[in-house]
Structure formats: C-alpha cells, structure tokens
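Novice: This is the structure, below, for whatever I ask next.
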Amino acid sequence: SYRESLSIDKVEPALLAEVGGSSLKLFGRGFQQGDTAACDVDGVTVQAVVQSDRMVTCTMPPHAPGKNVPVSLVTSYGRSSPVNVTYHATIEVESVTPQQCPSTGGCAIAMRGAFFPAS
C-alpha cells in the first residue's frame, strides 16, 4: 500500500533551552500511530511518540546554544528532511522590579539578567 513520505511542516516551540527536557511538537505528514519513531537532533537520537497522523512529540536532549540545530524524524519507513530549531543559553535573572503588583494586574515589570532570548 502507498505511504506518504515523512515530512515536517513546522515545529513548536522553535526556541529551546540548552538544558534539554522540552517537549518538541513536529507537525507534518507521513506519520502513523503505532510506528516506532525517533528524532535525530544534530546526531543525537531520542525517542519520538506519534500522537496522530499529523503530530509527533520528542523530549529534546541538552545541546549547546546555537541557531540552525537540525531535527529530523526517523521511522522504519524513512527519514524526513531536517528542520532547524534554536537552543538558547539558560536565562539568568538578577532582579525583578517592582517586587509587588496588585492582584488585579496591569503592572509593568522590569527584569535584569543575562541570556534572555530575542523575541
């Protein structure tokens, strides 16, 4: 029987923490529930779970900060073309002001620190 080629259309989130542990959702085609699948993250293989015929999840491994980290989906039926994600350095928060805001919200805060990802 015909089987669609594996392809990834998008991933969420595209920005991941260097410490790993984030769940990455891969959306695309060619997935079938019951398939044994894995994500290849820049040469590191982690287990994937086929959630539906359009979505797979992987728990991401640690990786040095950087852009264009390739992620591919691999099954016994083939390998998808890679998509790129970005790993960011662990955020360091030095201070938050003000230290209290009303419970009703509407309070602007300022955070000082290092390694905040660009938005």
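The values are calculated or read from the model by the stated rules, or taken from the named source; none is laboratory data. Predicted model, so just to flag it, every value in this text is computed and none were measured. Don't worry about glycine lacking a Cβ; one is built from the backbone with ideal geometry, like all the others, and counts go over all protein chains shown. The accessibility values were calculated without ligands, DNA or RNA, using every heavy atom of the protein model including side chains. Shrake-Rupley method; radii C 1.70, N 1.55, O 1.52, S 1.80 Å.
Novice: Give the residues of the stretch 75-119 that are in a strand (DSSP E or B), open to solvent by less than 40 Å² (accessible area, probe 1.4 Å) and not polar (S, T, N, Q), sorted by residue number.
Specialist: Gly78, Val83, Val85, Tyr87, His88, Gly113, Ala114
Novice: Okay, next question. Give me the pairs, please: first residue somewhere in the stretch 29-58 and under 11 Å from Val74 (Cβ atoms) and hydroxyl-bearing (Ser, Thr, Tyr), second residue anywhere and in a strand (DSSP E or B) and open to solvent by 70 Å² or more (accessible area, probe 1.4 Å), beta-carbon distance under 9 Å, and either six or more positions apart or on two chains.
Specialist: Thr36/Gln47
Novice: Sticking with this structure for a sec: If I ask for residues that are part of a strand (DSSP E or B), among the hydrophobic types (A, V, I, L, M, F, W, C) and under 11 Å from the mean Cα position of the chain (by Cα), which ones from the stretch 51-74 would you list?
Specialist: Cys58, Val69, Val71
Novice: With the requirement that a residue be buried (at least 16 other Cβ atoms within 10 Å of the Cβ) and within 19 Å of Asn68 (Cβ to Cβ), what does the stretch 29-50 give you?
Specialist: Result: Cys39, Asp40, Val41, Asp42.
Novice: Let me ask you something else. Across the stretch 25-45, which residue is nearest to Val11 (Cα to Cα) among those that are over 15 Å from the mean Cα position of the chain (by Cα) and of a type outside the set (S, T, N, Q)?
Specialist: Once the filter is applied, the top-ranked residue is Arg29.
Novice: Can you find a residue in the stretch 76-95 that is over 28 Å from Pro117 (Cα atoms), touching a residue at least 60 places away in the same chain (Cβ under 8 Å), touching an Asp or Glu at 6+ places or on another chain (Cβ under 8 Å) and not charged (D, E, K, R)?
Specialist: yes
Novice: State yes or no: is Ala48 in contact with a Ser or Thr (Cβ under 6 Å, 6 or more places away or on another chain), over 16 Å from Ala14 (Cβ atoms) and outside any loop (DSSP other than H, G, I, E, B)?
Specialist: No: the conditions fail for Ala48.
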